[in-house]
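A short reminder: the numbers here are calculations on the coordinates, not readings from a lab. Keep in mind it's a predicted model, so treat the numbers as computed, not measured. Here Cβ is always computed from backbone atoms with ideal geometry, including for glycine, and neighbour counts include all displayed protein chains.
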Amino acid sequence: MSYEELLTQIALEDDRFVVMTAENRALVRKMPETLKNRFIDTGITEQTMVGAAAGLALRGRIPVIHALSTFLTMRAFEFIRTDIGIPGLPVKLSSYIPGFLSDGNGPTHQAIEDISLMRGIPNMTVYAPADEDDLLKMVPSIWKNPEPAYIRINTRKTDYKHTPYNPGKSEIISVGKKATILVYGLLFEEAFRAREILLKKGLDIGLVNMRCLKPLDQETLVQVIKDSEWIIPIEDHFHTGGLYSILAEFLLNKNLYPRVLPINLGEKWFTPGLLPQVLENEGFSAARLAERIEAHLA
Amino acid sequence: MYTLNALEESAFRIRERIIKMSTDGGCFLGASLSAADVILFLYTRFLNLSKQNLNDPERDYFFLSKGHDVPALYGTLVELGILEESRLKNHLSVKDHIYWHPNTHIPGIEFHSGSLGHLPSVALGVALDIKLKGGKAKVVCILGDGELNEGSCWEAVLVANAYKLDNLYFIIDRNHFQANMPTEDLIPLEPLSDKFTAFGASVKRIDGHDFKAVENALSSTPFHPGKLNVLIADTVRGKGLPSIEKRADRWFCNFTHKEVEDLLLELRGNAPTHLSSETLLVR
């Protein structure tokens, strides 16, 4: 099943759902025919789409709204924060091509501050599935929950079979004595393979698929930090406000002091190109991650 | 049922309430006085809205996108018995929710506002849902003319026409001023009707202080099937108080109690008040 098929099925079963887009049709190609007038394309108008979603939610609908990540979170930020965040309306933001997924588009399209922005809105929840399998396991409960939700959409297919999604919980693949990687979104795949490389070299490296960035699965984090010497937050996000910052806030809050190796984009927009090259070039491919981690932990 | 004469009396009482809020912290006096008549008309002779049906899903909807006019809305809600008069004494107190912009703690207020250019799209979403459900309810959104500087207003007009939302009404409180100066001296809007027409709306333009004219304009609705309704109401900033009418510098006012007493007399036809409180506050 695809994202579109799942959303269509859910919307056909529950007519509270309306699907909206700011002419970002990639994920919703057939919906004009399947959902008919519950599919609303407002054109390239992210602000109006968000405001209209608020109006529809006022009337009891659950709008699932689509736009490219940068334009959704930034062009329409004030509308999200003021018209959805302040009243806490059940609007679900499906954010298309976040982080490295924008590949050849360039910095105008690179949403690498989106986690920081969205989690800064009181009442907003923030999620990042690792791949299509994870996405399909996560969205039904996220969409049925009454809270506003921001989801970094990721429809990439990997071989990994994720555990069922437990709302608000991260997915522990393993806890490593030497280090545990915390990762979200498409970098899960690279981190998983990097871990395999490092395990073969005798380094006990664990891995957690965060799934939820807000709310934070504090229980899992405490458990992991208790048993790992190093925590390695990896993300296709600036160093400000994403998982690294989330972790830092958490450690301070809980008085915990593991060693931390943050792997992120610092303050740099990445050099555009096709995804495999971008991953390699920026040091986020499995091989490069393994190298970076091994060198630092030595 | 409010006759047009009864409206004049109600409008007077609403203006008194607005003027009383222009002290002890102040309020957007000039802006509220221009919108007061249209808001009163809508609630008494156009919208299916009363104390009895505030939660009825079939009700009409009112959105004040020009949020800083909220004293006019408070005054009207009191007039209709939806909001207790005594709460107006809590203006700007942290013990209540009566402040410079609307919020949903006040009965009858559908959505908070204050940031210009937001409620046109929220109203659009509501109107769209009503159409989806086959409903007949109307959705009215009041915008300021200065507010039309915000591009999101025009986006909403384009989208409303794309979706043929002829149950949606954008009413412009065209008082010819924006915060600090006349609109035409900063960002000229005229010819304003033509702009809305070019964007696909059906447009009427009337004197927003002439109840008969407002009634005529809204007597046959929608203005044109399939089109957004735009009513441009030419109004006077500060209407009712010659000492502040058409003044660029009396948009937000924080007067002394004495000045307020004199303004209330001026409203009844006394000589213009001598105002010495500072002008051009807040923006």
Worksheet item: Restricting attention to the stretch B:195-216, which residues are buried (at least 22 other Cβ atoms within 10 Å of the Cβ) and over 21 Å from B:Cys153 (Cα atoms)?
Response: B:Phe211, B:Val214
Practice prompt. Out of A:Thr108, A:Thr82, A:Thr70, A:Thr48, report the one residue that is within 14 Å of another protein chain (Cβ to nearest Cβ), assigned to a helix (DSSP H, G or I) and surrounded by fewer than 24 Cβ atoms within 10 Å (Cβ to Cβ).
Written response: A:Thr82
Worksheet entry | Condition met for B:Gly117 (within 14 Å of chain A (Cβ to nearest Cβ) and in contact with a helix residue (DSSP H, G or I) (Cβ under 7 Å, 6 or more places away or on another chain)) | yes
Practice prompt. Name the residue, out of A:Glu33, A:Glu23, that is of a type outside the set (A, V, I, L, M, F, W, C), more than 24 Å from the chain's Cα centre (by Cα) and surrounded by fewer than 21 Cβ atoms within 10 Å (Cβ to Cβ).
Written response: A:Glu33
Worksheet entry | Answer from A:Pro148, A:Pro129 - the residue that is buried (at least 19 other Cβ atoms within 10 Å of the Cβ), farther than 22 Å from A:Gln223 by Cβ and touching a strand residue (DSSP E or B) at 6+ places or on another chain (Cβ under 9 Å) | A:Pro148
Worksheet, complete the sentence: Contact list, first residue from the stretch B:248-259 and surrounded by 24 or more Cβ atoms within 10 Å (Cβ to Cβ), second anywhere and assigned to a loop (DSSP other than H, G, I, E, B) and among the charged types (D, E, K, R), beta-carbon distance below 9 Å, six or more apart or interchain, is B:Arg250/B:Arg237; B:Trp251/B:Arg237; B:Trp251/B:Arg283
Discussion item. Given the condition crowded, with 17+ Cβ neighbours inside 10 Å and of a type in the set (Ser, Thr, Tyr), answer yes or no: does some residue in the stretch B:224-241 qualify?
Written reply: yes
Practice prompt. Return the only residue of A:Arg29, A:Arg61, A:Arg25 being touching an Asp or Glu at 6+ places or on another chain (Cβ under 8 Å) and within 7 Å of another protein chain (Cβ to nearest Cβ).
Written response: A:Arg61
Worksheet item: Would you call B:Glu79 surrounded by fewer than 24 Cβ atoms within 10 Å (Cβ to Cβ), of a type in the set (Asp, Glu) and either touching a residue at least 24 places away in the same chain (Cβ under 8 Å) or closer than 22 Å to B:Lys164 by Cβ (or both)?
Response: yes
Item to complete: Take B:Ile130 and decide whether it is touching a residue at least 12 places away in the same chain (Cβ under 8 Å), of a type in the set (A, V, I, L, M), assigned to a loop (DSSP other than H, G, I, E, B) and within 14 Å of chain A (Cβ to nearest Cβ).
Response: no
Item to complete: Select, from B:Ala123, B:Ala179, the only residue that is within 13 Å of another protein chain (Cβ to nearest Cβ) and in contact (Cβ under 8 Å) with a residue 60 or more places away in the chain.
Response: B:Ala123
